[in-house]
Amino acid sequence: VSLTYSREVTISLSEKEASLLFANPGKSNQDMVLQIVVQGEVLVQSGTLKPGNQVTALALMDGMDEKLSAGTYEGNFVVLYYDPETGEKAIVNTEIPITITVNN
């Protein structure tokens with residue numbers, strides 16, 4: 001699987017939204033779900049990204065805006081893989097270190 005992404009994520013607390021770039025390339029043979037994780041907490045989770053799709057904005061999980069304050073955080077994209085035919089989750093996940101800037 002090859003991935004297209006930016007390691008820089010911006011979170012707006014007022015909009016309760018993360019701005020990012022993450023794409024599941026058209027040549028991929030897996031469906032993906034993307035999570036943004038900081039200190040063990042899942043801040044954001046996408047729906048299923050089929051090959052050829054990308055996301056540039058995702059809503060924060062409920063209550064996460066109250067757990068964050070303005071500043072810079074180290075976190076990870078956690079990529080979960082699923083078989084597009086069976087929906088079965090793959091054993092392997094990918095963790096990609098990212099920098100998260102949180103604005104009010």
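The values are calculated or read from the model by the stated rules, or taken from the named source; none is laboratory data. Everything quoted here is computed from the prediction, not taken from an experiment. When we count neighbours, we look across all protein chains shown, and the Cβ atoms used for this are built from the backbone with ideal geometry, even at glycine. For accessibility, only protein heavy atoms count, side chains too; no ligands or nucleic acids. Shrake-Rupley method; radii C 1.70, N 1.55, O 1.52, S 1.80 Å.
Projecting the Cα positions of VAL38, ALA70, GLY26 onto the charge dipole of region 11-104 (unit charges on Cβ atoms of Lys, Arg, Asp and Glu, taken about the Cα centre) puts GLY26 furthest along the positive direction. Basic side chains Lys and Arg get +1 at the Cβ, acidic Asp and Glu get -1 at the Cβ, and with that the dipole of the chain about its Cα centre reaches some 240 debye.
For the chain, the per residue solvent-accessible surface stands at 55 Å², with DNA, RNA and ligands left out and a 1.4 Å probe.
Straight-line cross-link reach from LYS16 at under 27 Å between alpha-carbon atoms covers these lysines, not counting any fewer than eight positions away in the same chain: LYS50, LYS67.
Sum up the charges of everything whose Cβ sits under 11 Å from the Cβ of TYR82, counting Lys and Arg as +1 and Asp and Glu as -1, but leave TYR82 out. Net of charged neighbours comes to -2. Specify which labelled value, from (i) 13.7, 38; (ii) 18.6, 61; (iii) 13.6, 41, agrees with Rg and Dmax of the Cα atoms in Å derived from the coordinates of the model shown. Computed from these coordinates, Rg and Dmax of the Cα atoms in Å corresponds to label (iii).
The apolar share of the surface of the chain, taken as the fraction of accessible area on carbon and sulfur atoms (1.4 Å probe, ligands and nucleic acids excluded), comes to 45 percent. One chain, two ends: THR86 and ASN103. Fully extended at 0.36 nm per residue, the span grows by 2.2 nm beyond their Cα-Cα distance.
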